[in-house]
Amino acid sequence: MLLTFVQWCSNSDAIVYIRDSRYGMPAVQSVHLVGITVLLAAILVLDLRLAGIGMTEWSLLWLERQLKPWALGAALLVLLSGVVIFLGSPAKYLASNPFLFKMTVLCLAVVFHFGVLRRFVTTEPGARWLRIVVAGVSATLWFLVGWAGRAIAFVP
């Protein structure tokens, strides 16, 4: 049933127009990349602060509040543009190992961000080495999402 809905969306006038026009999909992909860049920047700044690298004069909670609107706006751009990109060729993406890897790592990154990293940001607990490990895992997961996305174009 979900596949039928995806197929229906994929054949909607708006998606067909974007997919088949000369500049539609490149424009959507550009928006996707800008969103990824801003999202990764916000997360990386927070991870670096958690690890004690720079901006130590500001609390993690204050910094997280400053970055949150940027991260949320970027996440919305990435989500919306990603859905449009996916709907342009759903069969291609569902058959792509890098795409499936990207979606898996994305889920892990989101769970880690809200399940582990968020606790460290709001309370600043733990030894320095533990904060460094948490920041490193967070940055690694998010960059893997980006790298896997890039691999979609090159790896079957």
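The values are calculated or read from the model by the stated rules, or taken from the named source; none is laboratory data. Computed from a predicted structure; not experimentally measured. We place every Cβ from the backbone using ideal geometry, glycine too, and count neighbours over all the protein chains shown.
Select from region 7-47 the residues that are among the hydrophobic types (A, V, I, L, M, F, W, C), over 16 Å from TRP147 (Cα atoms) and crowded, with 16+ Cβ neighbours inside 10 Å and list them in ascending order. Full working, then the answer.
If we filter region 7-47 for residues that are among the hydrophobic types (A, V, I, L, M, F, W, C), which is where we start, we get 8-9, 14-16, 18, 25, 27-28, 31, 33-34, 36, 38-46.
Subset that is over 16 Å from TRP147 (Cα atoms): 8-9, 14-16, 18, 25, 27-28, 31, 42, 45-46.
Answer for region 7-47, where residues must be among the hydrophobic types (A, V, I, L, M, F, W, C), over 16 Å from TRP147 (Cα atoms) and crowded, with 16+ Cβ neighbours inside 10 Å: ILE15, ILE18, MET25, VAL28, VAL31, ALA42, VAL45, LEU46.
Condition check for THR122 on (1) more than 16 Å from ALA139 (Cα to Cα); (2) surrounded by 18 or more Cβ atoms within 10 Å (Cβ to Cβ); (3) over 14 Å from the mean Cα position of the chain (by Cα); (4) not charged (D, E, K, R): one failure, at (2). Restricting GLY73, GLY52 to those that are touching a residue at least 60 places away in the same chain (Cβ under 8 Å), among the small types (Gly, Ala, Ser) and either under 21 Å from LEU117 (Cβ atoms) or not in a helix (DSSP H, G or I) (or both) reduces the list to GLY52. Cβ separations smaller than 7 Å between residues 6+ apart or across chains give the following pairs from region 3-23 residues that are closer than 17 Å to SER81 by Cα to residues that are β-branched (Val, Ile, Thr): CYS9/ILE15; ILE15/VAL84; ILE18/VAL28; ILE18/VAL84. Selection of first residues in region 143-156 that are touching a residue at least 60 places away in the same chain (Cβ under 8 Å) and of second residues that are crowded, with 17+ Cβ neighbours inside 10 Å and not in a helix (DSSP H, G or I), restricted to Cβ pairs under 9 Å at least 6 apart or on distinct chains, gives the following pairs, ordered by first then second residue: PRO156/SER96.
The selection criterion, being surrounded by fewer than 19 Cβ atoms within 10 Å (Cβ to Cβ), assigned to a helix (DSSP H, G or I) and in contact with a helix residue (DSSP H, G or I) (Cβ under 7 Å, 6 or more places away or on another chain), does not hold for TRP62. In this structure, PHE112 does not satisfy being in a helix (DSSP H, G or I), among the aromatic types (Phe, Trp, Tyr), within 30 Å of THR56 (Cβ to Cβ) and at pLDDT below 95.
Checked against (1) under 26 Å from GLY24 (Cβ atoms); (2) surrounded by 12 or more Cβ atoms within 10 Å (Cβ to Cβ), LEU108 meets all criteria but (1).
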